[in-house]
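The values are calculated or read from the model by the stated rules, or taken from the named source; none is laboratory data. Remember, it's a predicted structure, so these values are computed and weren't measured experimentally. Methodologically, a virtual Cβ is constructed for each residue, glycine included, from the backbone with ideal geometry; neighbour enumeration extends over all protein chains shown. When the accessible area is computed, the model is the full protein with side chains, heavy atoms only, and any ligands, DNA or RNA have been set aside. Shrake-Rupley method; radii C 1.70, N 1.55, O 1.52, S 1.80 Å.
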Amino acid sequence: MKSLVTRLRAFATAASLVALLALSACGGGSDSPADPTSANPAPPATTGASALAWQTVGRMGPGVNFGNMMEPPQEGDWGLKVEQSYITAAWQAGFRTIRLPVRWSNHAEPAFPYTIDPVFMARVESVVDAMLAQGFHVVLNMHHHRQLDGDPLDPGEFAVSESDLEPRFVGLWSQIARRFALKSERLLFELYNEPHGRLTAQSWNALAATTLQTVRISNPQRLVLISPVSYGNTSALGTLAMPNDRNLLATFHHYEPFTFTHQGATWIPTPPPVGTPCCNAEQLSQIESAITHAKAWSDVTGYPIFMGEFGANSMADMASRVAYTRAVRTAANARQIAWAYWEFAAVFGVYDPVAGQFRPELTAALLAP
Ligand code: GLC
């Protein structure tokens, strides 16, 4: 079972949008203000993303998360492993992007040079290769580094010394980046899933910038996704300082209305009660408002933004899940925001792994015209 995760799912507020616009007015969120007294002034504030980033996000098509497979403490611990048949089925259904959550922290030496277990590295590489060979865009991330967020560890996890924690995060990315450096440009890296807790906006902005510099040594051009803190909530986008690099995308997660999507969710401390339907006018407005906020951020900063997770727990009734899923997809598509549904075959699953087939109503809500 997953450990308890304290959720902070704030709604996008007018105040945060004002802060965002103010931040962009002084440099698009860049953290490198020019110093007029210096002979070598800091580089100009970034002007947004490259043509490659915009073209890629336009090509990513409908996406799905291969969740609960490689991000448990060990692959299979939560009942699923990546199977070639899943990759083939996802492509045949019409998905064109797979986001692959991976827990690296549990598969590396605790001390410098933080060597990743070669067997695990080879397994992740073989999965990524199979997805790329199928034709997918693949978003490879780092997921559930519990200690980095200050969360309780999962069973089977180990802690590292506080002084190694962030150098190890960078060291893991250095190894991942080198290993995948020669892969297709359809492979994207996402630095970290849902930063929160111990990671404040300030500390995360600094860690993300350092990590990106390390990734750039071996992958000067590869597209990299960065999430804001507060679990990737759009209300925190205004605090995200995009490093001065044009091959970047931002990413956010959208689980509003949370009382609907997470009803009966066993992995959170106080799950909302089961029985909430979707979607009335207020719920539809919650769905729209996070996506509107993400689009406004993208327009102001010039970076594409990817909706890396949305979905509803199977404790909700199917008709409501279908209505919710269609509403989120429609709102995102209307604003050219690419997305990945959470997730393929576990508790939010669009695919029934026991029957070996897609759940037709949910699949249609995601993929039918
Ligand atoms: C986040 C968590 C994942 C959870 C999902 C839905 O991605 O990392 O574990 O299942 O949100 O709550």
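Among what's in region 312-333 and is assigned to a loop (DSSP other than H, G, I, E, B) and within 14 Å of the ligand (Cβ to nearest atom), pick the residue that is surrounded by the fewest Cβ atoms within 10 Å (Cβ to Cβ). Can you show your working first?
Taking region 312-333 and keeping what is assigned to a loop (DSSP other than H, G, I, E, B), we get 312-317.
Checking the rest, the ones that are also within 14 Å of the ligand (Cβ to nearest atom) come to 312-316.
Details: ALA312: 29, ASN313: 21, SER314: 16, MET315: 19, ALA316: 21.
The selected residue is SER314.
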### Message
Six or more apart or on different chains, Cβ atoms under 6 Å: show the pairs whose first residue is in region 204-226 and open to solvent by 60 Å² or more (accessible area, probe 1.4 Å) and whose second is not in a helix (DSSP H, G or I).
### Response
GLN221/ASN247
### Query
Which condition does ALA133 not pass, out of (1) farther than 23 Å from ASP77 by Cβ; (2) open to solvent by less than 10 Å² (accessible area, probe 1.4 Å), if it passes all the others?
(2)
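Among PRO269, PRO273, which is the only one that is within 13 Å of the ligand (Cβ to nearest atom), open to solvent by 20 Å² or more (accessible area, probe 1.4 Å) and of a type outside the set (S, T, N, Q)?
Working: PRO273 fails: within 13 Å of the ligand (Cβ to nearest atom).
It is PRO269.
Does GLN336 meet the test of being touching a Gly at 6+ places or on another chain (Cβ under 8 Å), open to solvent by 60 Å² or more (accessible area, probe 1.4 Å), touching a residue at least 12 places away in the same chain (Cβ under 8 Å) and of a type in the set (S, T, N, Q)? If you could, list the steps in order and put the result at the bottom.
Working: touching a Gly at 6+ places or on another chain (Cβ under 8 Å): yes; open to solvent by 60 Å² or more (accessible area, probe 1.4 Å): yes; touching a residue at least 12 places away in the same chain (Cβ under 8 Å): yes; of a type in the set (S, T, N, Q): yes.
Here the answer is yes, as GLN336 does meet what is asked.
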### Message
Are there helices (runs of 4 or more DSSP H) fully within region 63-174 with at least 2 residues that are within 16 Å of the ligand (Cβ to nearest atom)? List them.
### Response
146-149
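What are the residues in region 79-97 that are in contact with a His (Cβ under 9 Å, 6 or more places away or on another chain) and open to solvent by 70 Å² or more (accessible area, probe 1.4 Å), if any?
Taking region 79-97 and keeping what is in contact with a His (Cβ under 9 Å, 6 or more places away or on another chain), we get 96-97.
Matches in region 79-97: ARG96 only.
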### Summary
Expected output for region 232-256 (first residue closer than 20 Å to VAL328 by Cα, partner of a type in the set (Asp, Glu) and at pLDDT 95 or above, Cβ below 6 Å, 6+ apart or cross-chain) is GLY232/GLU194; HIS253/GLU309
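Only one residue in GLU288, GLU309 is charged (D, E, K, R), within 16 Å of the ligand (Cβ to nearest atom) and under 21 Å from ALA364 (Cα atoms). Which one? Please lay out each step first, then the result.
Working: GLU288 fails: within 16 Å of the ligand (Cβ to nearest atom).
So the residue among GLU288, GLU309 that is charged (D, E, K, R), within 16 Å of the ligand (Cβ to nearest atom) and under 21 Å from ALA364 (Cα atoms) is GLU309.
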### Summary
Expected output for region 303-320 (first residue free of Cβ contacts under 8 Å to residues at least 40 places away in the same chain, partner within 13 Å of the ligand (Cβ to nearest atom) and assigned to a loop (DSSP other than H, G, I, E, B), Cβ below 8 Å, 6+ apart or cross-chain) is SER314/VAL347; SER314/PHE348; SER314/GLY349
### Query
What about VAL354, is it free of Cβ contacts under 8 Å to residues at least 12 places away in the same chain and either within 21 Å of TYR86 (Cα to Cα) or more than 16 Å from the ligand (Cβ to nearest atom) (or both)?
yes
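Confirm whether THR56 is out of contact with any Phe, Trp or Tyr (no Cβ under 6 Å at 6 or more places or on another chain) and either surrounded by fewer than 20 Cβ atoms within 10 Å (Cβ to Cβ) or basic (Lys, Arg) (or both). Write out each step before concluding.
Values: out of contact with any Phe, Trp or Tyr (no Cβ under 6 Å at 6 or more places or on another chain): yes; either surrounded by fewer than 20 Cβ atoms within 10 Å (Cβ to Cβ) or basic (Lys, Arg) (or both): no.
In short, no.
Being free of Cβ contacts under 8 Å to residues at least 60 places away in the same chain, closer than 26 Å to SER126 by Cβ and of a type outside the set (Phe, Trp, Tyr): is that true of SER174 here?
Numbers: free of Cβ contacts under 8 Å to residues at least 60 places away in the same chain: yes; closer than 26 Å to SER126 by Cβ: yes; of a type outside the set (Phe, Trp, Tyr): yes.
When the stated conditions are applied, SER174 passes them.
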